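Scroll down for the structure; my scribbles are underneath it.
The values are calculated or read from the model by the stated rules, or taken from the named source; none is laboratory data. Being a predicted model, the structure only gives us computed values, none of them experimental. Cβ coordinates were reconstructed from backbone atoms using ideal geometry, including for glycine residues, and neighbour counts include every protein chain displayed. Calculation scope for accessible area: heavy atoms of the full protein, side chains included, ligands and nucleic acids excluded. Shrake-Rupley method; radii C 1.70, N 1.55, O 1.52, S 1.80 Å.
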Amino acid sequence: MSDITVLNTDVLVIGGGFAGLWTAKKAREYVEDVLIVDKGPRDWGGQGSMSGGDMVTLHEGEDLNAWLDDIVFFNDGLCDQRMTAETLEASLPRFHDYEAMGHTFSRDAAGKYATVLQRGLKHVSLTTSHPTGKGGSNMHAALVRSVKSLNIRRIGNLMITAIIKDGERAAGAAGFFNLSGEPVYIRAKAVVITTGTGGWKASYLQNSLAGACVELALDAGATLRNFEFIDNWNVPKLFAWEGQTVLIPRGGRFVNAEGEEFMAARYSPVLGSRTDTQYNIRGMVLEAKAGRGPIVFDVSRIPEEYLEELTPAAGWMKLNDSKLKKLGIDFFKDNIEWMPQPIASEGGVATGLDGSTEIAGLYAAGTAQSLNAGVYFGGYSICHCATSGYITGEAAGNYASGVSSPKFDEERAHALLAPVLDRLGKTGIAPKDIIRTLQELMTPPDVCVLKSEKGLRRSLRRLEQLKEEVLPRMGAEDPHYLGKMREAQGILRLTEAFLRASLERTESRAGHFRADYPARDDSTDMYWVEIRQKDGEMFTLRRRVPVEEYPIKPYRYYMDQFTFPLEEIRSFA
C-alpha cells in the first residue's frame, strides 16, 4: 500500500449533509477539533441541499400529545414514541436556530408562518421555506457559514470504507480519496455516521443517493432497524419536480386514464389523494393492472391564490421549470404522467435517544438513524436531521471530551482497506451494470409495493448470484470508479437488508405491505425487525416494541381508512 495520510480529530463525522453539519456544530462546543468528511465534493450539501427546505415544526401553542397521537396513528402503532417526542420537542428551537443563521421561512399575509397539514392528519404540519425552490440550498449555506465560524474542518472526496475499533470502542476510520486513490487513516475519540442509509440511484434528484450506512454499521458490530421500509415515491415520468407534499394538500390529485380520482373513488373515499405515497402507489399499481393507466397528476383544482406560492422562484427547481416551459411543458397547466419508483431506504442504525449505538464512541444521526416506519410526511427529514444532529453532536462531543485517545490498530485498518485498493487499476464489470441489475430486481411490484414471499425470494436468489459470480469480477480503472464500485457494493448490501427484513415481517403495517399477509397482525406483540451480522452474513431478529412504556397505547390505525381489493392483491402473491 502506498504512503498513508493519517489524520487526527476528537470527533469524526462521516457525511457532510444537514445531519453531519448539525452534529459537528454541537460537538464543537465540547471539543477542540471536529472533522467532517464526505465522499462527495466538500460543499455539495447532501440531499437536503436539493430539497424544498420545508420543515416539520411544533410551533408555540400546539399540543405535543396531539401531534404524537397523530404520528402513532399514521404509523399504525409502530412508532418509537420516545424518539418521536424528543424530535418534536426539539423542532422549534432548531427552527429558530435556522432563522438566527439567516434562513427564511414563509409567512402568510397576516405575518404568520405558512404551514401545510400533512397526509390528511389533523395536527401534523410542515412550515414552508422562502423562496420556493431554494429552501434547501439556503439552509445548507446557513449551516456552512456557521461551521466555518467555528473552525470545523471539512474534507470532501474522501470515501470511508470501515470503522476501526479499539476492542469494543470506536477508534476512528479508514478510507481513501476518490480523486487520487490515496489511502487515509483517521484517529478519533468518537465517530458519528450521518451518511444516510442510501437508495437505488433512481431518476429524480435521488440519483446521487448511495449512503454507506449499512456496511459501516454492520461491520462495526452495530444493529440495523426498519429496513423493510423504503421510500416508494411518486415522480413525473420524464423529469424531476419537488414539492408533492405541499401540492397535494393544496388540491393536487392523481387521476387515471378515465379522469377519475381513483383513490377517492375506489380505495379511500375519506382521504383520496391526500395520503402517504405508499397508499397512492398501491392504488396506482392496481389501476395499471386493471388497464386504467397511465396515471397523471392533476393540478387543475389548486386555487389560483396558491399558484404563485407553489411556482419555483429560485434554485434548481426554477431552472427546471424554465427549461420545461421552453419545451412546451407547463407543470401547472398540463396533466403530467407520473410513475412509482423505489428511491431510498427508511431503515437506519438502532440507537439510543442520544444517537449512541452499542459500540462505545460510535453514534448515528439524521436519516442514518432509525426512526421512520415507511410512511412519511413532508419536512420530517429536515426536522430530524437538525434535531438528531444537535442531540447526537452533544452526546458525541461530551463523550469525546471525557475519554483518552483510543488505540488505533493500523494493522486492522490495513487489512480492511487493502482489498478495496487492490481493485484500483483493474478492468472488470462496471459498477453501473451492478446498480442497473439491483434496480431491476427491486422494481417489480411483488418486491417493492405489494410484496410477496415469492417475489422477495426471487430477488434474493438473484442477489446472492450477484454476490458470488459478479462482485468478484468488478473493476476500477481509476479512483473515481473505485468510489463507484464501493457505492455499488453498498447498494447491494442495502438491497439484501431490505429483502431479508421484508421477509421477516409477516404482516402489513405502515409502509410495509405483503400481498400474502395483507392484514395487520394484532395477535402478537408489535416488533421491530432488526438486522445484525455474524461471520459476514446478515441475520434478522424481532425486537418487541415496549408499548407499555409509551404514553400512547395504539387504538386507531391509519391503514384502516383504505380498502384494497383482496382478490387483486393476492394475485401478486
- Scan segment 169-188 residue by residue and report those that are open to solvent by 10 Å² or more (accessible area, probe 1.4 Å) and under 20 Å from Gln369 (Cα atoms). Arg169
- Message: Could you go through segment 401-411 and let me know if any residue there is of a type in the set (Lys, Arg), surrounded by fewer than 16 Cβ atoms within 10 Å (Cβ to Cβ), over 30 Å from Asp354 (Cβ atoms) and out of contact with any Phe, Trp or Tyr (no Cβ under 9 Å at 6 or more places or on another chain).
- Response: no
- Query: Here are some conditions: (1) free of Cβ contacts under 8 Å to residues at least 12 places away in the same chain; (2) of a type outside the set (D, E, K, R); (3) outside any helix (DSSP H, G or I). Ile163 meets all but one. Which one does it not meet?
  - Reply: (1)
- Cβ-Cβ under 6 Å pairs, at least 6 apart or on other chains, segment 428-440 side under 17 Å from Leu499 (Cα atoms), far side among the aromatic types (Phe, Trp, Tyr) and modelled with pLDDT under 95: Gln439/Trp200
- In the set Asp76, Asp63, the lone residue that is closer than 23 Å to Gly120 by Cβ and touching a His at 6+ places or on another chain (Cβ under 8 Å) is Asp63
- Return the total of residues in segment 200-221 being at pLDDT 90 or above and either under 13 Å from Asp231 (Cα atoms) or open to solvent by less than 10 Å² (accessible area, probe 1.4 Å) (or both). 6
- Query: Within the group Gly135, Gly53, Gly111, which residue is open to solvent by less than 40 Å² (accessible area, probe 1.4 Å) and without any contact (Cβ under 8 Å) to a residue 12 or more places away in the chain?
  - Reply: Gly111
- Query: Within the set of pairs 6+ apart or on separate chains, which have a first residue in segment 341-360 that is farther than 22 Å from Tyr399 by Cα and of a type in the set (Val, Ile, Thr), a second that is open to solvent by 10 Å² or more (accessible area, probe 1.4 Å) and in a strand (DSSP E or B), and C-beta atoms under 8 Å apart?
  - Reply: Ile343/Asp231; Ile343/Trp233
- Query: In the set Leu143, Leu126, which member is open to solvent by less than 10 Å² (accessible area, probe 1.4 Å) and not in a strand (DSSP E or B)?
  - Reply: Leu143
- Message: Condition (residue is open to solvent by less than 10 Å² (accessible area, probe 1.4 Å), within 23 Å of Asn226 (Cβ to Cβ) and more than 23 Å from the chain's Cα centre (by Cα)) applied to segment 457-473: is it met by at least one residue?
- Response: no
- For segment 148-159, pairs from a residue that is under 16 Å from Phe18 (Cβ atoms) to a residue that is assigned to a strand (DSSP E or B), with Cβ under 7 Å and 6 or more apart or across chains, are Ile152/Val34; Ile152/Ile36; Arg154/Ile36
- What do you reckon, is Phe262 in contact with a Lys or Arg (Cβ under 9 Å, 6 or more places away or on another chain) and within 19 Å of Ser381 (Cβ to Cβ)? no
- Task: Evaluate segment 505-517: report whether one residue or more is surrounded by fewer than 17 Cβ atoms within 10 Å (Cβ to Cβ) and of a type outside the set (A, V, I, L, M, F, W, C).
- Result: yes
- Task: Could you please tell me which pairs satisfy a Cβ distance under 6 Å, a separation of 6+ or placement on different chains, a first residue in segment 548-570 that is touching a residue at least 40 places away in the same chain (Cβ under 8 Å), and a second residue that is open to solvent by 70 Å² or more (accessible area, probe 1.4 Å)?
- Result: Gln561/Val270
- Task: Residues being within 25 Å of Met559 (Cβ to Cβ) and open to solvent by less than 10 Å² (accessible area, probe 1.4 Å): count how many of those fall in segment 346-368.
- Result: 2
- Glu99 part of a helix (DSSP H, G or I) and open to solvent by 20 Å² or more (accessible area, probe 1.4 Å): yes
- For segment 480-523, enumerate the residues that are more than 18 Å from Gly347 (Cα to Cα), assigned to a helix (DSSP H, G or I) and aromatic (Phe, Trp, Tyr). Tyr481
- Note on the structure: Checked His123, His130 against criteria (modelled with pLDDT under 95 and over 22 Å from the mean Cα position of the chain (by Cα)); the one match is His130
- Task: Report, by residue number, each residue of segment 510-527 that is over 15 Å from Met559 (Cα atoms) and small (Gly, Ala, Ser).
- Result: Ser523
- Message: Looking at segment 86-101, I want the residues that are free of Cβ contacts under 8 Å to residues at least 60 places away in the same chain and closer than 18 Å to Leu353 by Cα and have a partner that is open to solvent by 50 Å² or more (accessible area, probe 1.4 Å) and in a helix (DSSP H, G or I) with Cβ atoms under 8 Å, at least 6 apart or on another chain. Which pairs are those?
- Response: none
- For Thr84, indicate whether it is open to solvent by 30 Å² or more (accessible area, probe 1.4 Å) and among the β-branched types (Val, Ile, Thr). no
- Item | Only listed residue being farther than 19 Å from Ala365 by Cβ and open to solvent by 10 Å² or more (accessible area, probe 1.4 Å), chosen from Leu78, Leu58 | Leu58
- Which pairs do you get when a residue that is over 13 Å from Arg169 (Cβ atoms) and in a helix (DSSP H, G or I), found in segment 397-419, comes within reach of a residue that is open to solvent by 70 Å² or more (accessible area, probe 1.4 Å) and modelled with pLDDT of 95 or more, reach meaning Cβ atoms under 6 angstrom, with the pair 6+ apart or on two chains? Gly397/Tyr30; Asn398/Tyr30; Ser401/Tyr30
- Task: Determine whether segment 426-437 contains at least one residue that is under 25 Å from Asp516 (Cα atoms), modelled with pLDDT of 95 or more and in contact with a helix residue (DSSP H, G or I) (Cβ under 9 Å, 6 or more places away or on another chain).
- Result: no
